[in-house]
1. Over the range A:176-297, what is the relative contact order in percent, taking alpha-carbon pairs closer than 8 angstrom and at least six residues apart?
2. Find, to one decimal place in angstroms, the Kirkwood hydrodynamic radius of the range B:134-215, where the mean of 1/r is taken over every pair of different Cα atoms and then inverted.
3. Can you work out the base-10 log of I(q)/I(0) for the range A:2-163 at q = 0.09, 0.10 1/Å, using the Debye formula on its C-alpha atoms alone?
4. First obtain the Kirkwood hydrodynamic radius of the range B:16-55 from its Cα pairs, then insert it into the Stokes-Einstein equation at 10 °C and 1.306 mPa s, and state the resulting D in µm² per second as a whole number.
5. What is the Cα radius of gyration of the range B:7-83 over 2.2 N^0.38 Å, N being its residue count?
6. Between residue B:119 and residue A:99, take the C-beta separation as r, use R0 = 60 Å, and let me know the FRET efficiency to the nearest 0.05.
7. Rg and Dmax of chain B, Cα atoms, in Å?
8. Got a sec? How would B:25, A:167 order by Cβ neighbour count within 10 Å, fewest to most?
Amino acid sequence: MIVVERAPPYLTVQDRGRFGYRASGVPVAGAMDQWSFAIANLLAGNDRSAAALEWAIGAGSLRFETDTRIAMAGAAVEATMDDVPVTCGVPLDVRAGQVLTVRRLIDLRFVYVAVAGGLACPEVLGSRSTYLPASLGGIDGRRLKTGDRINIGERRSGAEHEIPPTSIGPAFGAEALRFVATSAIETKHIEHATFRVSQMSDRMGYRLESEGGAAIRGASVTSEPVCPGTIQLPPDGQPIVLMADSPTIGGYRVAGAVISADLPILAQCMPGRRVTFAAVSADAAQTELQRRENALMR
Amino acid sequence: MSEAPPVYKPLGDSGLTVVLGEGISRDLSNRATSVARALTARRIDGVNEIVPSYASVGIYYDSLAVRFPDLVDSVRAVVESRIENTNDSGDSRTIRIPVRYIGEDLREVADRTGHTEADVIRLHSEREYYVYVIGFVPGWAYLGDIDPSLVLPRRSAPRKQVPPGSVAIAETQTGVYPFATPGGWHLIGRTETKMFDAARDQPALLRVGDRVIFEQMK
């Protein structure tokens, strides 16, 4: 059992996502940064898809009521286990009663806390991911609050996963995001502009403020299918990149979609961070994703 | 009637959109649902989800299981064999949704459309609507078309939170808010019917292609 001793402003249960219900309008949801989420799980000795905590914004603490192993990945943190400083990217053996306190996330938006055995809240439509607008998954489909208790699943036995080197993962901090273009005209505009991630960014989508280059005037169109990564061009000229909680359909012109391998980079961008776009083929995007997944499955 | 050939567009590295035309019409919607059904029946390797929209179909696939160009070939074969035969209406159902017409905007809608409130209620509840698309939030169905005399643009300032179960209209469409979400449509009624329930096998009450009748509860 984990007890949320002091909830940070934003803490939810996430996993790989909820698939199979888009025809009912159900977004995929799941971890915003699927790479760091997977790494945290592997470090904790889990299958890469086990449910874990997605932690953003501020300070908080968790108490572990059983001996276990945990790991953090994603944003670097200023954190302690009881009074001993701890870091991301390594397995941490925890004794019952110990308290993990995260004081600050550094440079990136999200840190993932995985626990051996995974979080064992009930699956809703095949996933434990929290989707706030419809109160699905996690604990009652909401952000965790102080006093919440979360069950831990059975610890996996068997060989430990090899942890892929950081060099194979997303280039956090890179400006250029690769995308698969949908239409040639918008692609040119998008490729020649620079943007900053707006304050108006959440799990549904990140707004981008155009910094240089010609204004990209988009349009409302007949709604078409969209997915996480889709770059929408609304009429006001400020693109939106849809993220994990992306709706299933959208009514703005689409320039393309950020490739799965690079979506974690954008997810981790704090407001104000600069981004640019570079077009690649769907085939190249698939090859890149394959390389990542191979590294995670070794 | 001549039709533009379907367009196959990548949606990142895990999606493919088949665009069958432009705009909103029953004809296009029938084609999209028919194509979606055919693709579902074909069970193409690596394809996980098939989602019809107004004039297009979204195909979501496992990027590690199938390469995009191969997927386009498989999908094209199904779509093209289907185009000649778009008359099958599938298993469309008629769903009745009881409504109490007590929405906050009922009076304003009546005023702005030059009707009495009773006329608005009658005009809204005497028609059979068609489910064009499911989306926006889980279980939300875009239903059309409403009586032309009730057509109004969306509210200029969307509400931060609309009560769940609100029955609303905007432009040529009507719908029911399944959850407390922001919303810019005009609220004319309220229903107890659950538009979305994660405990159901099909969590959304409505499917694209269904017919809907709103029944006035006194």
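1. 35
2. Working: mean 1/r = 0.0766 Å⁻¹.
Here the Kirkwood hydrodynamic radius works out to 13.1 Å.
3. Ignoring solvent entirely, the Cα scatterers give -0.25, -0.31.
4. 150
5. It is 1.00.
6. After rounding, the FRET efficiency stands at 0.40.
7. Expressed in Å, the Cα Rg and Dmax of chain B come to 19.0, 58.
8. Ranking B:25, A:167 by Cβ neighbours within 10 Å, fewest first, gives A:167, B:25.
Every number here is computed from the coordinates shown, using simple stated rules; none is lab data. All of these numbers come straight from a predicted model, not from anything done at the bench. Methodologically, a virtual Cβ is constructed for each residue, glycine included, from the backbone with ideal geometry; neighbour enumeration extends over all protein chains shown.
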